[in-house]
Amino acid sequence: MRRMKRRFQIVIVLLAWFMASGAQWDLVQAFAWGRMFATYSQSMPLLRAVKLTFTPGNMCSICKAVNEAKQQESTPAVPGGKTDGKLLLVFQPVQNVIPTVPAQETWSLSDQFPLSAQLSDPPTPPPRIA
């Protein structure tokens with residue numbers, strides 16, 4: 001059980017890394033190229049099928065979708081322009097808070113003696129368990 005949980009955590013971390021790096025588009029693109037090559041190689045020689053598969057002007061619908069998705073990832077999310085590869089954090093303005101120390105009250109003399117000094121022993125001893 002513990003080994004399976006550890007493997008699951010590793011798979012999740014690798015999947016998150018994979019998705020964050022944009023490698024999913026590379027897999028989809030490779031699938032599209034494979035599909036195009038398989039289709040072209042049925043009706044023409046292999047060399048021509050490879051050449052036609054990788055011609056930029058001959059993109060299938062999957063290749064176009066991948067190209068658009070990669071361009072959307074590379075466009076800056078900030079309306080002002082380029083981010084220069086820096087992570088931009090946007091915060092809402094917050095009011096300035098200045099903590100103050102509360103005024104200390106002076107203690108009376110009766111507060112300075114422990115409460116136990118004022119109490120006497122209980123009138124009867126506590127019960128004992130035999």
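The values are calculated or read from the model by the stated rules, or taken from the named source; none is laboratory data. The structure presented is a predicted model; accordingly, all values stated were derived computationally and were not measured. We place every Cβ from the backbone using ideal geometry, glycine too, and count neighbours over all the protein chains shown. Quick note on the areas: whole protein, heavy atoms, side chains included, nothing else; ligands and nucleic acids left out. Shrake-Rupley method; radii C 1.70, N 1.55, O 1.52, S 1.80 Å.
Under 1.5 on a/c is rounded, so check that first for the range 1-42, then, if it is not, pick prolate when a/b is larger than b/c and oblate when it is not; a ≥ b ≥ c are the square roots of the alpha carbon gyration tensor eigenvalues.
Values: a/c = 9.11, a/b = 2.53, b/c = 3.61.
Oblate is the answer for the range 1-42, as a/c is 1.5 or above yet b/c matches or exceeds a/b.
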Under a point spin-label approximation (7 Å from Cα along Cα-to-Cβ), what is the THR106-ALA30 distance to one decimal in nm? 8.2
Taking all protein chains in place and a 1.4 Å probe, what share, in percent, of the accessible surface of the range 6-47 do carbon and sulfur account for? 74
